[in-house]
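Each remark here refers to the structure printed beneath this line.
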Amino acid sequence: MPNPPLTPRQVRWVRRLMTVTLLGLLLFLIGLSPDLIGMNRSPAVGFVQVGVWLTGLAVSLLGAYAALRVMRNGRPTTLLNDVGLRLAATGYVIAGAASLADFIGIGSHTIRSLVFGKIQVAGLVVGVLLIVIGLALYYPRGPRRPAVSGETTARPAARTGTVGAQAQPAKSGSRR
């Protein structure tokens with residue numbers, strides 16, 4: 001049975017949440033390149049700058065998740081949807097760990113000479129890509145289309161002789 005279409009109220013909520021997602025993306029971009037608004041004060045990457053881009057990424061991720069949650073409109077979640085959510089969350093953890101590597105002591109630079117290195121950039125990019133892939137997996141898909149050009153598919157219940165099928169007791173004799 002197909003799900004009902006979104007109500008006008010749900011459409012408004014999706015639009016609001018996508019606006020929040022875009023504002024989070026803007027905050028993420030400002031954190032990555034403070035020159036966009038004339039706030040680049042030093043050549044080094046500081047803790048505030050990393051905090052701004054991680055906050056923007058979190059706001060963007062939460063806004064996109066909430067919008068997709070409204071768009072699901074009561075559809076049951078599948079294993080693929082659950083994997084998508086966990087992949088997006090893992091992507092944020094990877095992006096956060098890569099971004100804060102020098103501050104938490106797992107990076108190769110000291111606090112005095114902070115440089116956002118190539119490995120940290122790669123970790124941030126991998127984290128963002130995992131977030132995008134995870135949200136794409138969580139996206140609600142429509143119902144499967146019927147077979148084209150007269151092809152038929154067998155239902156799983158219609159197959160016989162499968163392993164694990166329950167045997168029916170044989171009828172013997174006649175009942176009176």
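Any read-out appearing in this document is the output of simple, stated calculations on the displayed coordinates, not a laboratory observation. Since we're looking at a predicted model, the values are computed, not measured. Quick reminder, even Gly has a Cβ in these numbers, built from the backbone with ideal geometry, and neighbours come from all protein chains shown.
Some observations on this one:
- Residues (among the aromatic types (Phe, Trp, Tyr) and within 24 Å of the chain's Cα centre (by Cα)) located in the stretch 1-52: 13, 28
- Residues satisfying the stated conditions in the stretch 120-136, i.e. more than 17 Å from residue 53 (Cβ to Cβ) and surrounded by fewer than 19 Cβ atoms within 10 Å (Cβ to Cβ): 133, 136
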